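Novice: Before I ask anything, here is the structure I am working with.
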Amino acid sequence: MSKVKTPAKTPQAIRGTQDIFGPDAEAFAFVVETFERVRKLYRFRRVEMPVFEKTEVFARSLGETTDVVSKEMYSFDDRGGESLTLRPEFTAGIARAFLTNGWKQHAPLKVATHGPLFRYERPQKGRYRQFHQLDAEVIGAGEPQADVELLAMADQLLHELSIADGVTLQLNTLGDGTSREAWRAALVEHFASVRDDLSEDSQERLEKNPLRILDSKDRRDQAHVASAPKIDDFLSGEAQDFFGAVTSGLDAAGVVWTRNDALVRGLDYYRHTAFEFVTDRLGAQGTVLGGGRYDGLMESLGGPATPAVGWAAGIERLAMLCEGRGAESLEIAIAAESNDRNADAAALTNLFRREGFCVELFASGSPRKRYDKARKAEPAIMISLDMRDGEATHGLSVLNEGYARAKKAQEIFDNRK
RNA sequence: GCGAUCGUAGCUCAGUUGGUUAGAGCGCCGGUUUGUGGUACCGGAGGUCGCGGGUUCAAACCCCGUCGAUCGCCCCA
């Protein structure tokens, strides 16, 4: 009919997802590649995990009342009516795999992975609904040396990313199960006695997650936080020894840290060591890597008591600190300044690539502008092929004096048939 | 989930107290210069002003809603 076709609207990307491209994508890849290299130095084995799990995997391990479980999970029923959830974190799924696959035979097991995670949150810079993390876990190791090795790896990663000087390691201990419960009870008592002075948020936290009051940013809470009972007064002898072994191990490894006795973890399964690498360069999303010991987690999934430590790091946040890193510079630009030389230029491009050079071919668009386009790509070496008065001409010029492989490139160019 | 700011070309942004056909720079495409040269000049394509309503003779501009981004809170890596 004469009815004008209704142009199909292009669907929008989902809120909180990102299409990463250009320098951001290069920085992202740089973070992942650096992690892969460092993780091998520490002999952490690579694992690949499903992106979704039965909902109970997360509900049981993270704690039903945590915000992550109660309002931030992407859960849905599959066609069989089973409740599944897009993973909001790595640890629970890895713990499940450890139990269901009998990985106990490999204990102590050091594993590393990375990939997308999903949380239904209000997006912000450095906070997305689909975001990406690096993850490292040591499962079946109850010794403080495991904590030290894991932290040393995190520290080395940040150094190799060249962002360590803007980031500080904050360290705390939550004690063993009984110390933690005693401390928690004392905190509840302390804050309940001044309940009406607390911020609304903290009054709510008093019910749901009293430890979290300690890192409240609200001024009204500060004084009461300062006078709150300290974990150190509730630590058992073993818990003290454990923390002491971790800190002296870090000192011996040359890992710089500061004690923050108000540092707690949001998830219920943590015990003993808790830590965060924090920067002030990312606004409210300052935690760049965080983790701790989760000795209670395996039991919550119905497995045997199994000690474990782990950390996760936000790739986007790390990548933002590595801005401009990771882009490979162009070694050779080849311009075909006449269409008659397109085939020669393509052959030459192939030749150099097979010799392991990073090459870009400029043989499209206006022949007169190809040279300029090639120059703008900022190659170390510029090669131009042209046709003058019926004669094939060619030229190679080294634009970057410091370029190490110039001689080899020249040889290949001179010896081409 | 709460509060605030913002949304104009591929990108960065102008656009007066509402007033003809919405602009610039960069980028892209083409042409001319130059002819071992990242030059200069000319031209071109590209916008339902995020989307939907409302007020008005008239809306990019004012009002409401909605979607999205950013910054805090919350949460967390």
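Novice: Can you give the extra length, in nm with one decimal, that the chain gains between A:Asp67 and A:Ser199 once fully stretched, where that is 0.36 nm per residue apart less the Cα-Cα distance?
Specialist: Result for the pair: 45.7 nm of gain on full extension.
Novice: Identify which of A:Gly290, A:Gly140, A:Gly81 has the largest mean-square fluctuation in a Gaussian network model of chain A, with springs joining Cα atoms closer than 10 Å.
Specialist: In the Gaussian network model the winner is A:Gly81.
Novice: Measuring from centroid to centroid over Cα atoms, what is the spacing of the range A:161-193 and the range A:205-234 in Å?
Specialist: The two parts, judged by their Cα centres, are 10 Å apart.
Novice: Now a separate question. Take every Cα pair under 8 Å in the range A:236-365 that's 6+ residues apart, average their separations, divide by the length, and report that relative contact order as a whole percent.
Specialist: Relative contact order for the range A:236-365 comes out at 14 percent.
Novice: Among A:Met382, A:Val359, A:Ser397, flag the residue with its Cα farthest along the positive direction of the charge dipole of the range A:332-415, charges on Cβ as +1 for Lys/Arg and -1 for Asp/Glu.
Specialist: A:Val359
Novice: If packing is taken as the mean number of other Cβ atoms within 10 Å per residue, what is the order of A:187-197, A:60-70, highest first?
Specialist: Output ranking for A:187-197, A:60-70: A:60-70, A:187-197.
Novice: Could you go through the range A:64-80 in sequence order and give the Karplus-derived ³J(HN,Hα) for each residue, using 6.51 cos²θ - 1.76 cosθ + 1.60 with θ = phi - 60°, rounded to whole Hz, and x for Gly and Pro?
Specialist: 4, 8, 5, 4, 4, 6, 7, 9, 10, 8, 8, 10, 7, 8, 7, 5, x
Novice: Whenever you get a sec, compute what percent of the accessible area on chain A sits on carbon and sulfur atoms (1.4 Å probe).
Specialist: 48
Novice: Same structure, new question: Residue by residue through the range A:387-398, which ³J(HN,Hα) values in whole Hz follow from phi under the Karplus form 6.51 cos²θ - 1.76 cosθ + 1.60 (θ = phi - 60°), with glycine and proline marked x?
Specialist: 10, 10, 6, x, 9, 6, 10, 8, x, 10, 10, 8
Novice: Would you mind getting the accessible area per residue of chain A, heavy atoms of the protein chains only, 1.4 Å probe, in Å²?
Specialist: For chain A, the per-residue accessible area is 52 Å².
Novice: Between the alpha-carbon centers of the range A:378-408 and the range A:13-43, tell me the distance in whole angstrom.
Specialist: The distance from the Cα centre of the range A:378-408 to that of the range A:13-43 comes to 34 Å.
Novice: Which distance in Å, rounded to a whole number, links the C-alpha centroids of the range A:274-339 and the range A:99-129?
Specialist: Cα centroid of the range A:274-339 versus Cα centroid of the range A:99-129: 11 Å apart.
Novice: For the cross-link pairs A:Lys40/A:Lys408; A:Lys104/A:Lys230; A:Lys71/A:Lys217; A:Lys40/A:Lys230, which exceed 29 Å when the distance is taken from alpha carbon to alpha carbon?
Specialist: The pairs that break the limit, which is 29 Å between Cα atoms, are A:Lys40/A:Lys408; A:Lys104/A:Lys230; A:Lys40/A:Lys230.
Novice: Magnitude of the Cβ-charge dipole of the range A:332-415, K/R +1 and D/E -1, about the Cα centre, nearest 20 debye?
Specialist: Magnitude of the dipole: close to 300 debye.
Novice: Of A:Ser61, A:Leu330, A:Val309, which is farthest along the charge dipole of chain A in the positive direction, counting Lys and Arg as +1 and Asp and Glu as -1 at C-beta?
Specialist: The listed residue farthest towards the positive side: A:Leu330.
Novice: What is the set of long-range amide H partners of A:Cys358 at a cut-off below 5 Å, with H atoms built 1.01 Å from backbone N?
Specialist: A:Glu331, A:Ile332
The values are calculated or read from the model by the stated rules, or taken from the named source; none is laboratory data. Remember, it's a predicted structure, so these values are computed and weren't measured experimentally. All Cβ positions, even for glycine, are placed from backbone atoms using ideal geometry, and neighbour counts span all protein chains on display. Heavy atoms of the whole protein, side chains included, go into the accessibility calculation; ligands, DNA and RNA do not. Shrake-Rupley method; radii C 1.70, N 1.55, O 1.52, S 1.80 Å.
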